[in-house]
Structures are given as C-alpha cells and as structure tokens.
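Encoded as structure tokens, the structure appears first; notes follow it.
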Amino acid sequence: MMEEIRNYIGGQFTEPQGKSYLDNYEPASGKVYGRIPDSGAEDVQAAVEAAGTAFDGWSAMPVTERNKFLLRIADLIERDHDQLAYMESRDNGKPLRLASKVDIPRAAANMRFYATAMEHFASESHHSPGMINYTRRSPAGIAGCISPWNLPIYLFTWKIAPALAAGNTVVAKPSELTPCTAWAFSRLCKEAGLPDGVLNIVHGLGNKVGEAIVGHPDIKMISFTGGTTTGKRIASVAAPMFKKLSLELGGKNPNLVFADCELDEAVRNSVAASFTNQGEICLCGSRILVEKSIYETFLEKFVELTRTWKVGDPQDDATRIGALVSREHLEKVSAYVKLAKEEGGQVLTGGERLVLEGDLAEGYYFAPTVITNLPMDCRTNQEEIFGPVVTIMPFDSEEEALTLANDSEYGLSATIWTTDLSRAHRVSDKLAAGIIWINSWLLRDLRTPFGGWKSSGVGREGGWEALRFFTEPKNICIKL
Ligand code: NAD
C-alpha cells in the first residue's frame, strides 16, 4: 500500500489545503512508492499561526520541563530505530547498514544533546568599576528550519532540537525527495505529547513551501542546509527582512595526503571519505591531493580498494554504495563524468551508471569513480558534484598542496594525512575551511562549531553556536 504523508500543523496531521500531492520515488527501484503533500503558502500560513499560538506557553516553560519532551522523543526514536532506518534507506537510497549505524542514532543524539545542553547554557556578565552588565538570551520567536535530502532525519533534528530547546517554536520543511522520516518524526512528537503547534512540519517543494517560510514576516530566523545556489536565493529574500540566517552550504573538500602518512590508514579513510553515502555528504573529500613520491602507490591502492566497494541493493548488508537519490541527480553526476573526460580527465575506475537486475533495474546506481589528470582550475575540480566521484592530483611541496587545496570558492572542510605533528598544525592553520580533520574523517563531537568558510556558508551550528543562533541577546546595564 502506498504511504500517504501528511503535514503536521497545530498538532494535527493535515492534508495540504490545495489537496495536491507529489509522487515519492524509491531510488533503489526508480518506482513511485508514496505521495507527499504539495503544500503551498496557505499551509505555511497555518503553520506560522499555530507556531505563534504555541510560542508563549513553550517559551515560558522551565527548561527542565521543555526538555523532558525532547528526551522522550529521543527515546522514541531509539525504540523505533529499525523501522526508521529501513524508512530512511528506502527513501534516500543509502545502505540500510549506514542508516542504522549513523542516521538514526545521530537523530536521537541530536535531540538528547540539545535537551541537556540547554540546561547548561549560560550567558555573560561583565563587571567594571561603577557598573555591571548582564546579557539575557531569550528565544527569538518562530524559527524556520529547512533541510536537504542527503542526511534527512539527521540534519532535520540537528536544526529542530536546538531551536526547540532554546524555547522557540518551529516551522520546518524536509526535502521533498526524502520526506518519510520527517513524517515518522511528527508522529513521534505527537506520541511524546509535544504541545500542539510547538513544531509544525510542512511538506512540499522548495520554491513553494521553502520560499513561503523564508519570506514570511513572522518567522524571525532561518536555519538552512542545502546547496549554495539555494543559499544565495534564501539570503536575497531574508537579508532585506533582517532575519537571522544560518546557511550550511556546499563543499568541494580537499584531502591532503603527505608522504609521511600511515599510507594504508590514509587510503582506507580516503576511500570512505569519497564514497560513503554515495558521496552525497557535504563533508566528503572530493579533491584528493597526494605528495608525488607516493602518488603512484596511493593511486594503485586507492583504486584497488574502491573496486571492492560493492554497489547494490541498499537493503543488502554487503552493500557499501546504494542508489543516488533521484533520476535528476544520477543525470547530473553522469554529466559531470562526461565533462571530466572532455576536460582531459582519465577515468581509472567507474565512470558509468550501473544497471542492477530484476526490480532494481530502473534504480539510480552509479559506480564509484576515480579520475586523474585534471588541473585544479577545471570545472570538474571547482564545482560540487555531490556523488561517488573523486579526482586525485599530485603535488610536490607543502606550499603547492596548500595552494591547490585553497583554490576553491568553497571552504567547508579539509583532511590532512601526516605523522608530522608540526606539519599537521602548520597546514591546518593555512587551510581556508571551517572544519579540519587530521588523520581522520567525519569524527564528530557535537559541542564543536560546525560550518563553512567562503561559499560554504554563513554562521555555525553545533554546541553553544546553535543555541546562540536560536536566541536573541539583550544586554542589561546597571549603574552601581
Ligand atoms: P537544495 O538547496 O536543493 O535543497 C535543500 C532544501 O531547500 C530542500 O528542502 C529544498 O526543498 C529547499 N529549497 C529549495 N529551493 C528553495 C528556496 N528557493 N527557498 C527555500 N527553500 C528551498 O539542496 P539539496 O540538493 O537538497 O542538498 C544537497 C546540497 O546540500 C549540497 O550542495 C550539499 O553540499 C549541501 N549540504 C550541506 C551541508 C552542510 O552542513 N554544509 C550538509 C548537507 C548537505
């Protein structure tokens, strides 16, 4: 039976007012398997009204009371772990194994982290002769949270949890490509007894629901994760309205491998950084730079290991790479590989769509692809592909590695492989990116600031940063 998703507005599960729906495709099979509300501005309006009505009660509730709801939701996510992981894998195309290990546990962790963080959040006090200042941080009102399809419930909760913990009410929109776990999440919120209207979820397209959220005068802040082009559009609407903006955007992250690294570790983790989640993680290392003396050895080992990463049915435990999220995305990735060849790139492995058997024959599978022989200034090396495609280039010196790594409009993250401690510090100091990993990738501590430099975004999420974003400071000065 086809699953029909509903909006979650004012505590009710509602149809879109226009009664219009969009098809939801299963990436593994390329078949329609559900319907999503094709909501409009009128549904966003209803959500904003519900969030406005709920604000006074929610923002005035003691933190310890508010947070009981979030902790209860975290427990329910854990209770439904298997079902949610299956849903996420089916909706996005990612391996079930990955959804089970990463996406769902992280969604529960996000709720728990911010529920408890809020209890420890403190604001500043400044003493000087003759006066004392203290800063209050109050919830700012209604927050708009918009998230992408690559880590659906993981990123959805990463925004919603701090927004709610800080005492705001929320109007949220998941990606229209991966709405299922947000739908399940709304039912868990209801079961947890979250007061009506505190969280409202409106499903639908970016240019309808997303635009209506961003442009709504009663929504005071926008937390957005998605593409840089969308981020520009959002900023152009929200900035003249003086909304608070947090934009987590695209990346084209360099992965620097120095000759003094632990080579096998570097290869194993670089393959994971390239192809985990089909390469559809903003933090994936898509430009690999390798010191010339180990370049050939690295290439050989990297390609050999890449070929062992099985592309297949997301539900199969042996699968490392599932299906890309949509037909359009498959076409985009294919077009980039074609472009790379036109630019003179040499495809060492992969480079083509894979057609699986039986029910999966129409699924969106693409072989993990390794490309060499490209200069840094070509489009393949400058534009975000966001698929299982990496380029590998040699460098002669640390200086050249830094020049190549920083030659990008993006600045989200970077990884360094070296056993030389001084080099690790020196290079990380000079890399123009918001997140640097040394001898690791995707190691996360939720207390750290998360976000990008340059076209990779504005503002930071994570830890206190998110709680500062979701509150308005007010300084109070007392003459002594
Ligand atoms: P996208 O920008 O197309 O869509 C993201 C969300 O914005 C979706 O919910 C979409 O419906 C909505 N949207 C689209 N147009 C809108 C508009 N005009 N106004 C308001 N909302 C609108 O991005 P995507 O394709 O879903 O996700 C992939 C991108 O996200 C990649 O560029 C990736 O790097 C980026 N990303 C960044 C991070 C990070 O933390 N920096 C994390 C994950 C993904």
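The values are calculated or read from the model by the stated rules, or taken from the named source; none is laboratory data. No experiment lies behind these values; they were computed from the predicted model shown. Every residue, glycine among them, receives a Cβ derived from its backbone with ideal geometry; neighbour counts consider all protein chains shown. All accessible areas refer to the heavy atoms of the entire protein, side chains included, with ligands and DNA or RNA removed. Shrake-Rupley method; radii C 1.70, N 1.55, O 1.52, S 1.80 Å.
What order do you get for 96-108, 387-399, 279-291 when each peptide is scored by the mean count of other beta carbon atoms within 10 Å, highest first? Each step should come with its number before you reach the end.
On the way: 96-108: 21.3, 387-399: 19.7, 279-291: 24.6.
Ranked from most to least packed, the peptides come out as 279-291, 96-108, 387-399.
What does the net charge come to around residue 309 if you take all other residues with beta carbon closer than 12 Å to its beta carbon, with K and R at +1 and D and E at -1?
Its environment carries a net charge of +3.
Using the average count of surrounding beta-carbon atoms within 10 Å as a protection proxy, the listed peptides 306-318, 402-414 rank, highest first, as 402-414, 306-318.
Relative to the current alpha-carbon distance between residue 443 and residue 138, full extension at 0.36 nm per residue lengthens the span by 106.6 nm. Across the stretch 114-250, the relative contact order, built from alpha-carbon pairs under 8 Å that are at least six residues apart, equals 24 percent. May I ask for the net charge around residue 362, where only other residues with Cβ less than 12 Å from the Cβ of residue 362 are counted and Lys, Arg are +1 while Asp, Glu are -1? Overall, the nearby charge balance is 0.
Under a Cβ-only charge scheme (Lys and Arg +1, Asp and Glu -1), can you give me the dipole magnitude of the stretch 320-380 about the Cα centre, in debye to the nearest 20? It would help to have the intermediate numbers written out before the result.
Values: 7 positive and 9 negative charges, 31 e Å.
Computed about the Cα centre, the dipole is about 140 debye.
For residue 259 and residue 205 in the same chain, what is the full-extension length gain: residue separation times 0.36 nm, less their Cα-Cα distance, in nm?
On the way: separation 54, 0.36 × 54 = 19.44 nm, distance 4.72 nm.
Stretched out fully, the residue 259 to residue 205 stretch lengthens by 14.7 nm.
Taking 19 Å as the limit for the C-alpha separation, the pairs 244/474; 94/232; 430/454; 292/430 exceed it in the case of 94/232; 292/430. Multiplying the residue separation of residue 307 and residue 383 by 0.36 nm and subtracting their alpha-carbon distance yields 24.9 nm.
Among 356-367, 459-470, 55-66, 138-149, what's the highest-first ranking by average C-beta atoms within 10 angstrom per residue? Don't skip to the end; give the middle numbers.
Values: 356-367: 17.8, 459-470: 20.4, 55-66: 14.6, 138-149: 23.6.
Most protected by this proxy first, the peptides run 138-149, 459-470, 356-367, 55-66.
Give me the net charge for the shell around residue 476: Cβ to Cβ below 14 angstrom, other residues only, Lys and Arg +1, Asp and Glu -1.
Details: positive: 136, 137, 474, 479; negative: 124, 472.
Charge balance near residue 476 sits at +2.
Magnitude of the charge dipole for the stretch 254-445, about its Cα centre and with charges confined to Cβ atoms of Lys, Arg (+1) and Asp, Glu (-1), is about 100 debye. Ordering 421, 337, 442 by Cα displacement along the dipole of the stretch 254-445 toward the positive end leaves 337 in first place; charges were set at the Cβ atoms of Lys, Arg (+1) and Asp, Glu (-1).
Please compare each pair in 310/341; 101/208; 220/252; 173/310; 68/243 to a cut-off of 27 Å on the Cα-Cα distance and tell me which ones are over it.
On the way: 310/341 24 Å; 101/208 34 Å; 220/252 31 Å; 173/310 33 Å; 68/243 29 Å.
Beyond 27 Å: 101/208; 220/252; 173/310; 68/243.
Within the accessible surface of the chain, defined with a 1.4 Å probe on protein heavy atoms only, the carbon and sulfur portion equals 53 percent. Normalised by the number of residues in the chain, the mean separation of alpha-carbon contacts (under 8 Å, six or more apart) gives a relative contact order of 19 percent. Calculated [222 nm] ellipticity per residue, helices only, for the chain: -12000 deg cm²/dmol; basis is -39500 (n - 2.57) per DSSP H run with n ≥ 4, divided by all residues, nearest 500. Heavy-atom accessible surface of residue 87, to the nearest 10 Å², is about 30 Å², with a 1.4 Å probe and all protein chains retained.
Positive end of the dipole of the stretch 1-96 (Cβ unit charges, origin at the Cα centre): among 96, 47, 59, the Cα lying farthest that way belongs to 96.
Selection among 276, 380, 17 by position relative to the dipole of the chain gives 17 as farthest towards the positive end (Cβ unit charges, Cα centre). Here r is the Cβ-Cβ distance between residue 403 and residue 436 and R0 is 22 Å; the resulting FRET efficiency, rounded to 0.05, is 0.85. Rounded to the nearest 20 debye, the dipole magnitude of the stretch 244-363 is 420 debye, with +1 charges on Lys and Arg beta carbons, -1 on Asp and Glu beta carbons, and the Cα centre as origin.
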